[in-house]
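Enquirer: Dropping a structure here in structure tokens format, bear with me for questions.
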Amino acid sequence: MNQEESEAKRIPYRPELAQALAMSLDEASLDALLVTSDANQRFLEGYTGAECYLLASGPGSWLVADSRYTEQARGECGRARIVQHRDPCPPYDEVIAGLAAEAGFRRVGFEKARLSYAQYEALRAQAEGRGIELVPTEGIVERLRAVKTADEISLIRRACEIADRALEASLGELREGISELEFARLLEASMFAAGAEGPGFDTIAAFGARPALPHAVPRTDSRLEKGDFVLLDFGALVGGYHSDITRTLVFGKASAEQRKVYAAVLESQALGVEAMVAGASGKAPDAVARGSIAASGYPEFGYGVGHGVGLEIHELPFMSRRCAETLAPGMAITCEPGIYLPGWGGVRIEDTVLIREGGPERLTRFPKGALLEL
């Protein structure tokens, strides 16, 4: 492990989160929250495993795990007491309801987007028998995650640096006849070589007309030809934190229309990033980027212009026409407008951006000022 890799450490447990969580639970009139999101468990406790249940409150927390994960949880959790379920112990629903009753909880929230209906039914049966109300919730922990600490920003910054480096190292591998899937795997290998834990999400590599598909899945039968667009959307994972970048280039000589479309997206993206200032509505970047595309005469992109990046590749805030959040210093977000023309191709340009008091900072810095021809 080199020095840069050794610096990419996981975020330690932060005791102040217990107080922040307690305040959020008070606002929601809850005694505790059943956390089933892996990312939220990691944020609150430092636990990096899966398939566990975190019963979290201000005064105390319990991580309910089966025997596959109990030892790992004891080594990682910041304050949670580790409680085993499954043979020879009772099932999770009985254990969780018993812990809540023992603690005197009467209103326990659950993450409605993360808990399956089967899990809910089992828990409800046990909770009702103990006089406990299960309350659906949304975004309680996610809102706490939206503004990053200095340690979190450091990991995101490192993930962005790795993505930039991997792209620079990989572009020389583009050659006529290479498949999208082959190049996607080469790009991912370059991220590993640069110190990433892995790709932050499924890498997108799209050639020719296929960049008209915003989330094209790389194929073995789509092979690079001269004059093709090459759209690459990818990111690195470092200490559990993500980066996200998209670049579009041309393999060979770009046509006049390709240059025109690229210039329109570049202008849109620049305006979107400019609008990402502390105190601004999350709707503002989407509005200015979308308006710029419309003014160029091309069709609007059909998604919000950006999203938060952190322990998940898509998290709060989601910047769209409906965004309810205000941008704040410490948020790490993307700006990714695009133009998509079915049967012809498409262009997207994306950066991970840090919101600061002094203005936005691009954390992904691979050049984009001119349409790159290879």
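The values are calculated or read from the model by the stated rules, or taken from the named source; none is laboratory data. Since this is a predicted model, take the numbers as computed values, not measurements. Reconstructed Cβ throughout: ideal geometry from the backbone, glycine too, with neighbour counts over all protein chains shown.
Enquirer: Residues to consider are Glu142, Glu102; find the one that is among the acidic types (Asp, Glu) and under 16 Å from Ala18 (Cα atoms).
Expert: When all the criteria are applied, what remains is Glu142.
Enquirer: Restricting attention to the stretch 327-364, and to residues there that are among the small types (Gly, Ala, Ser), buried (at least 22 other Cβ atoms within 10 Å of the Cβ) and within 21 Å of Gly235 (Cβ to Cβ), which single residue is farthest from the chain's Cα centre (by Cα)?
Expert: Gly346
Enquirer: Which numbered condition in (1) surrounded by 18 or more Cβ atoms within 10 Å (Cβ to Cβ); (2) in contact with a helix residue (DSSP H, G or I) (Cβ under 9 Å, 6 or more places away or on another chain); (3) assigned by TED's automatic domain parsing to the domain that holds Gly310; (4) not hydrophobic (A, V, I, L, M, F, W, C) is the only one that Asp164 fails?
Expert: Condition (2) is where Asp164 drops out.
Enquirer: Mind listing whichever residues of the stretch 302-356 are in contact with a Pro (Cβ under 8 Å, 6 or more places away or on another chain) and hydroxyl-bearing (Ser, Thr, Tyr)?
Expert: Once the filter is applied, which keeps residues that are in contact with a Pro (Cβ under 8 Å, 6 or more places away or on another chain) and hydroxyl-bearing (Ser, Thr, Tyr), the stretch 302-356 yields Tyr303, Tyr340.
Enquirer: Of the numbered conditions (1) under 13 Å from Ile245 (Cα atoms); (2) surrounded by 16 or more Cβ atoms within 10 Å (Cβ to Cβ), Pro367 satisfies every one except a single condition; which is it?
Expert: (2)
Enquirer: Condition first: under 18 Å from His242 (Cα atoms) and surrounded by fewer than 16 Cβ atoms within 10 Å (Cβ to Cβ). Now tell me which residues in the stretch 292-326 satisfy that.
Expert: Passing the criteria: only His314.
Enquirer: Of everything in the stretch 125-148, what is within 16 Å of the chain's Cα centre (by Cα) and β-branched (Val, Ile, Thr)? Give them in sequence order.
Expert: Val141, Val147 - these are the residues of the stretch 125-148 that are within 16 Å of the chain's Cα centre (by Cα) and β-branched (Val, Ile, Thr).
Enquirer: Which of the residues belonging to the stretch 321-358 are assigned to a loop (DSSP other than H, G, I, E, B) and either among the aromatic types (Phe, Trp, Tyr) or not assigned by TED's automatic domain parsing to the domain that holds Glu300 (or both)?
Expert: Trp344
Enquirer: Before we move on, is Val238 under 24 Å from the mean Cα position of the chain (by Cα), surrounded by fewer than 16 Cβ atoms within 10 Å (Cβ to Cβ) and farther than 26 Å from Ser296 by Cα?
Expert: Taking the combined requirement at face value, the residue does not satisfy it.
Enquirer: Which of the following residues is in contact with a helix residue (DSSP H, G or I) (Cβ under 6 Å, 6 or more places away or on another chain) and charged (D, E, K, R): Asp93, Asp66, Asp38?
Expert: Exactly one of Asp93, Asp66, Asp38 is in contact with a helix residue (DSSP H, G or I) (Cβ under 6 Å, 6 or more places away or on another chain) and charged (D, E, K, R), namely Asp93.
Enquirer: Listed residues Ser179, Ser154; which is touching a Pro at 6+ places or on another chain (Cβ under 9 Å) and of a type in the set (Ser, Thr, Tyr)?
Expert: Among Ser179, Ser154, only Ser179 is touching a Pro at 6+ places or on another chain (Cβ under 9 Å) and of a type in the set (Ser, Thr, Tyr).
Enquirer: Please work out which one of (1) in contact (Cβ under 8 Å) with a residue 40 or more places away in the chain; (2) crowded, with 20+ Cβ neighbours inside 10 Å is the condition Glu274 fails and give its number.
Expert: (2)
Enquirer: Any residue in the stretch 34-49 that is aliphatic (A, V, I, L, M), modelled with pLDDT of 95 or more, in the same structural domain as Ile140 (by TED's automatic domain parsing) and more than 13 Å from Val141 (Cα to Cα)?
Expert: No, the conditions are met nowhere in the stretch 34-49.
Enquirer: With respect to Ala127, determine if the residue is modelled with pLDDT of 95 or more, farther than 23 Å from Lys368 by Cα and surrounded by 14 or more Cβ atoms within 10 Å (Cβ to Cβ).
Expert: Here the answer is yes, as Ala127 does meet what is asked.
Enquirer: Given the residues Tyr303, Tyr241, Tyr298, Tyr262, which is the only one that is hydroxyl-bearing (Ser, Thr, Tyr), out of contact with any helix residue (DSSP H, G or I) (no Cβ under 8 Å at 6 or more places or on another chain) and more than 14 Å from Cys335 (Cα to Cα)?
Expert: Tyr262
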